[in-house]
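Below is one structure, written out as structure tokens, with a few remarks after it.
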Amino acid sequence: MHPLQSTADPSSSDAVGSKSIAGGAGRAPLTADVIIAGCGPTGAMLAAELRLHDVRVLVLEKETEPASFVRIVGLHIRSLELMAMRGLLERLLEHGRRRPARGFFAAIDAPAPEGLDSAHAYLLGIPQPVLVHLLEERAMDLGAQVRRGRAVAGVEQDDDGVTVELTDGEQLRSHYLVGCDGGRSTVRGALGVGFRGEPARTETLMGEMEVGVPLEEVAATVAEIGGTDKRFWLRPFGGGVHQVVVPAAGVSDRATPPTLEDFRQQLRTIAGTDFGVHSPRWLSRFGDATRQAERYRVGRVLLAGDAAHVHPPIGGQGLNLGVQDAVNLGWKLAAQVRGWAPEALLDTYQAERHPVAADVLDNTRAQMELLSSEPGPQAVRRLLTELMAFDEVNRHLIEKITAIGIRYDLGEGPDLLGRRLRDIEVRQGHLYGLLHRGRGLLLDRTERLTVGGWADRVDRLADPTAAVDVPCLLLRPDGHVAWIGDGQQDLDDHLSRWFGEPAG
């Protein structure tokens, strides 16, 4: 099977590549409604979202075993809200550590502004293998199939579906395919989708290991050097383990992990000592390559997570961005598979998420510049540090990093339209507790409106005491406000726009 060469019009929701597979008699039997390539956080979250709507899902993961290294990642406010919406947050909290929401932008230490608009205004540090395991377990509990040691080699699609060829020659068939297979995505390459941006100019080593010198010595050296070199720190995790970040000697192939000796050499170069580092838990490297897929959809094949965008990890946005892609895409793709999606619904995935990722790429570019030790960037950093003393500036930046400031363009209307709604108190407890099934929700403070023929897709809560200052609003399954008003006909029009035709 040869990689698909696409000539499709990116604006067409029905466009497929110019190369088709053989006729029906030669096709592989249908394996699933949706095949997902990659079982990282994005792929696992997407699988769970699809299973909420009874979509048959097969997840293919090239690694035979889950990652063994214990890398700590941070879930930002918006991701924590999404986990609360799906009833996952309490389980994550058992395995993570809450930290104050502060100092995210270019590692400038500034406290979070008061009154952030969220019930989950903190950062949750959690081991990445634990997060992936919990999300994968959730998807499998809901009925998703996960097959490990299965790597995608080729992709072809036609008007009826997608054929996926694995590296061992096996062919699988589905209605749709989603590439969640990382920055070196095989699926994206098979589509021929451009991955525009800049290659890495600098590289940084990151890992977790033990140190062999007193903590006071570590702290004193970090305070001295970290004042000017923002890409250098040793941060204690407890039990003698430190997270170590140090500039690399140059740019190398990211597929080759660094060695402990690489860390020792660079620590001696930067700090004059290697701190006696030993017993590494994991070692990695990252560059400042910044790229984004030109298109997130080609016919029946879509991209999400790192397959759609890569950027430096400064600000800790990458994993969060992918999980949020999954929740935006999941209900829309499920609607397409289930047959009730309005004509343009699936195309709103790219329309909404592509600009969000572009903004993340821009803010990580800016942050990386502010980490430079050159006089110009350092002068800008000092100026921005002064500006962050103003609440409006600090609030804007933290809302950007944590993704709670996103507003999708859903047309003219109040400022709340297109934004996510925080977890307000309602008669039945908290709003997010009503969104566990991944359905839409009408919050009716007038107690006069109905969801009528959309009751199989949209729930209704009549609550005149709900803590919002609008008469009624319609929430999409991802928690974003799709309509505000008080008229039944206007509501019906917007129910049709987002949830298709009413059931007969």
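The values are calculated or read from the model by the stated rules, or taken from the named source; none is laboratory data. Quick caveat: nothing in here was measured; it's all calculated off a predicted structure. Heads up, the Cβs are rebuilt from the backbone with ideal geometry, glycines too, and the neighbour counts pull from every protein chain shown. Just so you know, the surface numbers come from the protein's heavy atoms only, side chains and all, with ligands and any DNA or RNA stripped out. Shrake-Rupley method; radii C 1.70, N 1.55, O 1.52, S 1.80 Å.
Which pairs turn up if I take residues in region 102-119 that are within 10 Å of LEU397 (Cβ to Cβ) and look for partners that are open to solvent by less than 70 Å² (accessible area, probe 1.4 Å) and among the basic types (Lys, Arg) with beta carbon separation below 6 Å, at least 6 apart in sequence or on another chain?
PRO113/ARG395
Identify the residue in region 429-459 that is of a type in the set (Ser, Thr, Tyr) and assigned to a loop (DSSP other than H, G, I, E, B) and, among all such residues, is farthest from the chain's Cα centre (by Cα).
THR446
For region 261-287, which positions are at positive phi and small (Gly, Ala, Ser)?
Those that are at positive phi and small (Gly, Ala, Ser): GLY272, GLY276, SER279.
Give me the residue from region 60-71 that is surrounded by fewer than 20 Cβ atoms within 10 Å (Cβ to Cβ) and either at pLDDT 95 or above or under 18 Å from the mean Cα position of the chain (by Cα) (or both) and, out of that set, nearest to GLN128 (Cα to Cα).
ARG71
Checking the condition at pLDDT 95 or above, among the β-branched types (Val, Ile, Thr) and open to solvent by less than 60 Å² (accessible area, probe 1.4 Å), which residue from VAL277, VAL213 passes?
VAL277
Might you check whether a residue that is touching a helix residue (DSSP H, G or I) at 6+ places or on another chain (Cβ under 7 Å), assigned to a strand (DSSP E or B) and open to solvent by 40 Å² or more (accessible area, probe 1.4 Å) occurs anywhere in region 168-191?
yes
Which one is farthest from PRO342 (Cα to Cα) among residues in region 460-504 that are in contact (Cβ under 8 Å) with a residue 24 or more places away in the chain and part of a helix (DSSP H, G or I)?
It comes out as GLN488.
Just to be sure before I move on: is ALA289 in contact with a Pro (Cβ under 9 Å, 6 or more places away or on another chain), closer than 26 Å to GLY192 by Cβ, at pLDDT below 95 and not β-branched (Val, Ile, Thr) in the structure I sent?
When the stated conditions are applied, ALA289 passes them.
Looking at region 435-457, which of the residues that are crowded, with 18+ Cβ neighbours inside 10 Å and among the aliphatic types (A, V, I, L, M) is nearest to ASN328 (Cα to Cα)?
Ranking the qualifying residues of region 435-457, first place goes to LEU435.
Among helices (runs of 4 or more DSSP H) lying entirely in region 330-423, which contain 1 or more residues that are open to solvent by 70 Å² or more (accessible area, probe 1.4 Å) and under 27 Å from TYR296 (Cβ atoms)?
Because the criterion is at least 1 residues that are open to solvent by 70 Å² or more (accessible area, probe 1.4 Å) and under 27 Å from TYR296 (Cβ atoms), the helices (runs of 4 or more DSSP H) in region 330-423 that meet it are 348-370, 391-402.
Specify the residue that is farthest from the chain's Cα centre (by Cα); the eligible residues are those in region 36-59 that are among the charged types (D, E, K, R) and either farther than 11 Å from GLN145 by Cα or buried (at least 24 other Cβ atoms within 10 Å of the Cβ) (or both).
Among residues in region 36-59 that are among the charged types (D, E, K, R) and either farther than 11 Å from GLN145 by Cα or buried (at least 24 other Cβ atoms within 10 Å of the Cβ) (or both), the one farthest from the chain's Cα centre (by Cα) is ASP54.
With respect to GLY272, is the statement that it is touching a strand residue (DSSP E or B) at 6+ places or on another chain (Cβ under 8 Å), surrounded by fewer than 23 Cβ atoms within 10 Å (Cβ to Cβ) and under 26 Å from ALA106 (Cβ atoms) true?
It is false that GLY272 is touching a strand residue (DSSP E or B) at 6+ places or on another chain (Cβ under 8 Å), surrounded by fewer than 23 Cβ atoms within 10 Å (Cβ to Cβ) and under 26 Å from ALA106 (Cβ atoms).
May I ask you to list the residues in region 142-167 that are in a loop (DSSP other than H, G, I, E, B) and among the polar types (S, T, N, Q)?
Passing the criteria: only THR167.
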